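Since the structure comes first, as C-alpha cells, the remarks are kept for the end.
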Amino acid sequence: MGCGSCSTGGCTPAGCKSNGSCLTNGCSKLDVYDWLSDMDMPSNYKPFSIIEIKFKGSRKDFYVNNDNIYLESGELVAVETPTGGYDIGHVSVTGELVRMQMQKHRVKEEDVTKKIYRKATAADVEKWKAAKDLEWETMHRTRKLALELGLSMKISDVDYQGDKTKATFYYTAEGRVDFRELIKKMAEAFRIRIEMRQIGMRQEASRLGGIGSCGRELCCSTWLTDFKTVSTSAARYQNLSLNTLKLAGQCGKLKCCLNYELDTYMDALKGIPDNVNVLKTEKGDARLQKTDIFKKLMWFSYPMEDTWIPLEIDRVKEIQEMNKQGVFPEDLGESAAELESQPVKVLDYENVVGQDSLTRLDERNKKKKKNKNKKPGNQQQPQGENRPQQGNRPSQQQGNKPQQLQGNRPPQQQGNKLQQGNRPQQPGGKPQQPQNKVANAEGATEIVQAEGAQNDGQNRNRNNRRNRPNKNRNRNNQNKSNESGS
C-alpha cells in the first residue's frame, strides 16, 4: 500500500506504517500527532504564526507564516532558504502545538526569521521530483570521484534543494578530510552549489535504515530522533556480557536500546548492598559470584569448592553487619538450606501447539527405514523355531540364500526346509540335466544358485541311492510276472 498524500508517489510505508506525508521510503518518524486539533478555540483567538516544516531525513525547522496562509498537516509548501532560492517541505505541526515544540527545542519566537512563500504549485512539485530523481546517480558519481582522489571518506546521502540549485552531501570520516579538490570536480560535473556536511555513524544508520538483531527495523530509522550517549556501564548494570559483537549495532556503536531498561535496573539496584565482595565465616571467606537483581538473590562460593550458595539480600546485610562487629557465622550453608526449604512455585508447561518434541521428525524417519527393511525378500525366519528336515541337506555356502518362485506352487507345510540338489530322474524318461532348482518332499521348487561341480556330484549319488528301491521293486514285479506266466 503506497502513500496517499505523498508527492513522491507510490512509496511504501516503513515501520511506522503511516499512510502519507513521507519524503523518503515511507518513513514518517517526524510526524507529530496534533492532539489539540479537535479542541474549540476561543472566539478572539489568533492562530500562532509560526509553523513547523519537515524535510528529508531527520531535518525540521520553524518558519513564519506572515501571509496567514491556511495550512494543514502534510501539505507541500515553498519556504525560504538561507543561501537564496527556495526549498520544498511538508507541514508537520500547526497551531498551539508549535509553541510547545519550540519550548521543547528551546527556540525563541524572535529567533525565527525564515518565511513561508506559498503553497507548492504543480511546477514546483515537478521540479522538486526531478531534483530528487538525481540524488542516487549524483551520490555514486561523487563516490567515484572521492576514490580517484584517494580520500578516506564515505558519501552516505545527498539532499537536493527544491529549486535544483544546491545539493547537500552527507559523509562520514574518521578525521578531517581535505575535499577542496573534490568540490571543484563536483561543481564542474553537476553545475550546482555544493555543501559538505559531516555526520556520525548513528546518523548514517538512521538515513540508510535496516533490520536489527531483534528482527525489527532500526529504531533510529523509524521513530528515534535524538541520540543519547550509551556507555558500557549500562551493560554492566544489566549483567550483560561485554561482547562487542552482541552489544554493537549496525552503526558500529553501542545499541541505543541498552538505555531503554537502564532506569528499571537502577531502581532495582537500590535495595542491593554495595561492596559485598566477601563474606567472612568460620569456614572461610565466601566470595560473591553472581547477583540476581529482580529475585533479590546473591550467590557466594568458597575458594576450594565449586558449589554456589544462594543468599537473600536481608541475610547478606545481616552477615555484613556481623562481620563489621567481628562476629563470624559458622557456615553459609545453613542460610541456603532455609532458603531451599521454602516452597517454590513451579509453573506447569502447557503444550498448546502439540509440537513439543524436537525429535518427532527423527522418529518418523526411523519408522520409515524399518518399513523399508521389512520387505518380503528380506524377511528372516525367527530363531529358535523347530523345523523338521527331510533327508540330509548338503552344506550351503555363505551368501547363497534361497529365493521364492513367482507363480503358483503346491501348498507346503510350515517348518519344511528345502534341500539343495537336482531333481531325481522321472520314470520313463531320460535323466534331466542339473538345473538351478531344489526339490522338496512335496514337490515344491525354489530357484537357488548353483553350488559348484562338487555339489552336483554329491547330489547325483544321493539321487541314485533314492532311486534304488524303485529298481528293486521293478525287478520283483518282473519276476512275479514271469512266475505267473510259467
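Looking only at residues of the range 258-273 that are more than 22 Å from Asn323 (Cα to Cα) and touching a residue at least 24 places away in the same chain (Cβ under 8 Å), we find that the one that is most open to solvent (accessible area, probe 1.4 Å) is Met266.
For the range 274-307, a residue qualifies if it is open to solvent by 80 Å² or more (accessible area, probe 1.4 Å), of a type in the set (A, V, I, L, M, F, W, C) and in contact with a helix residue (DSSP H, G or I) (Cβ under 9 Å, 6 or more places away or on another chain), and exactly one does: Phe294.
Residues in the range 227-257 that are open to solvent by less than 60 Å² (accessible area, probe 1.4 Å), touching a Leu at 6+ places or on another chain (Cβ under 7 Å), part of a helix (DSSP H, G or I) and more than 20 Å from Ser58 (Cα to Cα): Ala234, Ala235, Leu247. Scanning the range 217-226 for residues that are surrounded by fewer than 17 Cβ atoms within 10 Å (Cβ to Cβ) and in contact with a Cys (Cβ under 8 Å, 6 or more places away or on another chain) turns up Trp223, Leu224. Looking at Gly74, is it open to solvent by 20 Å² or more (accessible area, probe 1.4 Å), part of a loop (DSSP other than H, G, I, E, B) and within 26 Å of Thr168 (Cα to Cα)? Judged against the criteria, Gly74 is not a match.
When restricted to residues that are of a type in the set (Ser, Thr, Tyr), open to solvent by 30 Å² or more (accessible area, probe 1.4 Å) and in a strand (DSSP E or B), the range 86-132 contains 2.
The condition (being farther than 30 Å from Leu311 by Cα and polar (S, T, N, Q)) is satisfied by just one residue among Thr225, Thr281: Thr225.
Counting only residues that are out of contact with any Gly (no Cβ under 8 Å at 6 or more places or on another chain) and open to solvent by 80 Å² or more (accessible area, probe 1.4 Å), the range 43-71 holds 7 of them. Every condition in (1) β-branched (Val, Ile, Thr); (2) more than 16 Å from Glu204 (Cα to Cα); (3) open to solvent by less than 10 Å² (accessible area, probe 1.4 Å) holds for Ile155 except the one numbered (2). Inside the range 239-248, can you point out the residues that are modelled with pLDDT of 90 or more and touching a helix residue (DSSP H, G or I) at 6+ places or on another chain (Cβ under 7 Å)? Correct list: Leu247 only.
The values are calculated or read from the model by the stated rules, or taken from the named source; none is laboratory data. None of these values were measured; they are calculated from a predicted model. Neighbour counts are summed over all protein chains in view; Cβ atoms, including those assigned to glycine, are modelled from backbone coordinates with ideal geometry. Note: accessible area is taken over every heavy atom of the protein model, side chains too, but ligands, DNA and RNA are not part of it. Shrake-Rupley method; radii C 1.70, N 1.55, O 1.52, S 1.80 Å.
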